[in-house]
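Notes follow once the structure below has been shown.
The values are calculated or read from the model by the stated rules, or taken from the named source; none is laboratory data. The model shown is predicted, which means the values in this text are computed figures rather than measured ones. Cβ placement follows ideal geometry from the backbone for every residue including glycine, while neighbour counts extend to all protein chains displayed. Side chains included, ligands, DNA and RNA excluded: accessible areas come from the protein's heavy atoms. Shrake-Rupley method; radii C 1.70, N 1.55, O 1.52, S 1.80 Å.
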Number of protein chains: 2
Amino acid sequence: MSTRRPPAQLSRRERQILDVLYQRGPSTAAEIQAGLPDTPGYSAVRALLRILEDKGHIRHQERGARYVYTPKVSLEKARRSALAHMIQTFFDGSPEQAMTALLDASAGDLSGEELDRLAELIAKARKEGR
Amino acid sequence: MSTRRPPAQLSRRERQILDVLYQRGPSTAAEIQAGLPDTPGYSAVRALLRILEDKGHIRHQERGARYVYTPKVSLEKARRSALAHMIQTFFDGSPEQAMTALLDASAGDLSGEELDRLAELIAKARKEGR
DNA sequence: TCGCGTATGCTAAATTTTTAGCATGTCGAC
DNA sequence: GTCGACATGCTAAAAATTTAGCATACGCGA
């Protein structure tokens, strides 16, 4: 009986755990624990994982005697969802504004090659758009 | 006595309220209420607003007899914070990946002019970077 | 002025979330 | 086999969050 809620409706720890799983990929309870802020106890993490699983957000596979947890929503989908939510919340729904801010924030971190690749993507989108 | 926590540490409703405030700008309690999922009662919203204010996340101004609430962290800063968190969580810390995904998700929505402007920003960053 | 609609101040209870810990199981080293 | 380290299953209590509602105040229109 899954009662999966959209990301905006997750409780604090639920959200933190899913973030850790997306960030580092399929993980054991101990690995997830290590990635959480204000590190809770091991049994606290496990209890939360079972709740997340009961709610349909994650599943586990048994690797030997230990469980490896994975989100049910793929990384690709979660990315899109996070992007959409962020654009809607902070950028008036405007992808351009989001990209501008992203460029402003990251320009110093992007290599020449990366910028070139992005330029190419934009040129391609430009050509296909018109 | 402010005890402001980073965004990742906010409870469900705290986070929803801040999202509404960033999305729609300074708002009254009734306006915030209208923007929340699973709309809580008016007095529930007000109690939460007082908690958020006690914790130092928001402040209010009196406009006539009613309060207008504003986040303490500016939109600009919140944008950066949200971007950074999203890049770290879903894109291995890679801004390029984030931009690629953003372009993929949004290419159909961007006008020719918007794409041109983005191309220009990238060209400028390219020139300044190297 | 009065009444109504809507506001805030405040409290505490209801609900949800988070946590700890016991019982038991597994695996590898000795 | 025994022991220790670490695992899961499960429960329930502690803690945090969310909610409702009373008392009072304010503004506006009749």
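For first residues located in the stretch B:23-51 and farther than 10 Å from B:R13 by Cβ and touching a residue at least 60 places away in the same chain (Cβ under 8 Å), partners that are open to solvent by 80 Å² or more (accessible area, probe 1.4 Å) and near DNA strand D (Cβ under 7 Å from one of its atoms) and lie 6+ apart or on another chain with Cβ distances below 7 Å do not occur. When B:E62 is tested against (1) touching a strand residue (DSSP E or B) at 6+ places or on another chain (Cβ under 9 Å); (2) modelled with pLDDT of 95 or more, just one condition goes unmet, and that condition is (2).
Among the conditions (1) within 9 Å of chain A (Cβ to nearest Cβ); (2) on the phi > 0 side of the Ramachandran plot, the only one that B:G64 does not satisfy is (1). Those helices (runs of 4 or more DSSP H) of the stretch A:67-130 in which 2 or more residues are more than 7 Å from every other protein chain (Cβ to nearest Cβ) and in contact (Cβ under 8 Å) with a residue 12 or more places away in the chain occupy A:75-90.
Would you mention how many residues in the stretch A:28-59 are assigned to a strand (DSSP E or B) and either near DNA strand C (Cβ under 10 Å from one of its atoms) or open to solvent by 70 Å² or more (accessible area, probe 1.4 Å) (or both)? Give the steps one after another, and end with the answer.
So the first thing to find is which residues in the stretch A:28-59 are assigned to a strand (DSSP E or B), and the list is A:58-59.
When the remaining residues are screened for being either near DNA strand C (Cβ under 10 Å from one of its atoms) or open to solvent by 70 Å² or more (accessible area, probe 1.4 Å) (or both), the result is A:59.
Count: 1.
Put simply, of B:E114, B:E96, B:E76, B:E62 the only residue that is of a type outside the set (V, I, T), more than 11 Å from DNA strand C (Cβ to nearest atom) and exposed (fewer than 15 other Cβ atoms within 10 Å of the Cβ) is B:E76.
Going through the stretch A:10-27 one residue at a time, which ones are part of a helix (DSSP H, G or I), facing chain B (nearest Cβ under 7 Å) and within 8 Å of DNA strand C (Cβ to nearest atom)? If you could, list the steps in order and put the result at the bottom.
At the first step, the residues of the stretch A:10-27 found to be part of a helix (DSSP H, G or I) are A:12-24.
Next, only the ones that are facing chain B (nearest Cβ under 7 Å) stay: A:12, A:16, A:19, A:22-23.
Hits for the stretch A:10-27 are A:R12, A:Q16.
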